[in-house]
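Here is the structure we will look at, set down as C-alpha cells.
Derivation of every value follows stated rules applied to the coordinates shown; laboratory data play no part. Keep in mind that what you see is a predicted model, and the values were worked out from it rather than measured. All Cβ positions, even for glycine, are placed from backbone atoms using ideal geometry, and neighbour counts span all protein chains on display.
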Amino acid sequence: MSDPELEMKAWEHDVSDITPEAMAEVAGIAAEGVVKGYKKIETGVVEGYKKLENRIVEGFGKLTDKCVEVLFAKEGESVGEAKERLNRNAEKY
C-alpha cells in the first residue's frame, strides 16, 4: 500500500460519531502539549539570554579593568587602587 492509499483510507473514516466531550478532551490534551512546548522554549530562551548577559557583563568588566590598568593606573598602582582614585577625582567635579 502506498502513502496516497493510506491517506485516502484515513479520509474515508467517518468522525461524525465523536462526542463533543471526546473532542474537548482531545483539544485539552493537545493544548497541554502546546503549553508544555512553549514552556520549554521559554525556559531555553531565558536561560540562553541569562548566559549571554553574564558573559557580556564579565567581558565588559575585564575590558574596563584592562583600560584602567593601561591608561590610568600609575606605576605600581593596582587596578582597584586606580579605580578608587579615579572615583574620588570624579566626585570632586
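Where a Cα-Cα gap under 20 Å defines reach, which lysines qualify for residue 83, not counting those fewer than 8 residues away within the same chain?
62, 66, 74, 92
Suppose each label sits 7 Å from its Cα in the direction of the beta carbon; what would the residue 38-residue 72 distance come out to in nanometres?
If labels sit at residue 38 and residue 72, their model points lie 4.7 nm apart.
Ordered by residue, what ³J(HN,Hα) values in Hz, to whole numbers, does region 62-74 give under the Karplus form 6.51 cos²θ - 1.76 cosθ + 1.60, where θ = phi - 60° and Gly and Pro are x?
5, 5, 4, 4, 5, 5, 5, 4, 7, 9, 10, 6, 7
Kindly write out, for region 88-93 in residue order, the coupling ³J(HN,Hα) from the Karplus curve 6.51 cos²θ - 1.76 cosθ + 1.60 (θ = phi - 60°), rounded to whole Hz, with x marking Gly and Pro.
These are the phi-based 3J(HN,Hα) values: 4, 5, 5, 5, 5, 9 Hz.
Using per-residue counts of other Cβ atoms within 10 Å, averaged over each peptide, order 57-70, 30-43 from highest down.
57-70, 30-43
Contour minus end-to-end for residue 84 and residue 27, with contour as 0.36 nm per residue of separation and end-to-end as the Cα-Cα distance?
Taking 0.36 nm per residue and subtracting the Cα distance, the gain is 14.2 nm.
Can you list the lysines whose alpha carbon sits under 20 Å from that of residue 39, skipping same-chain ones fewer than 8 residues off?
Correct list for residue 39: 50, 51.
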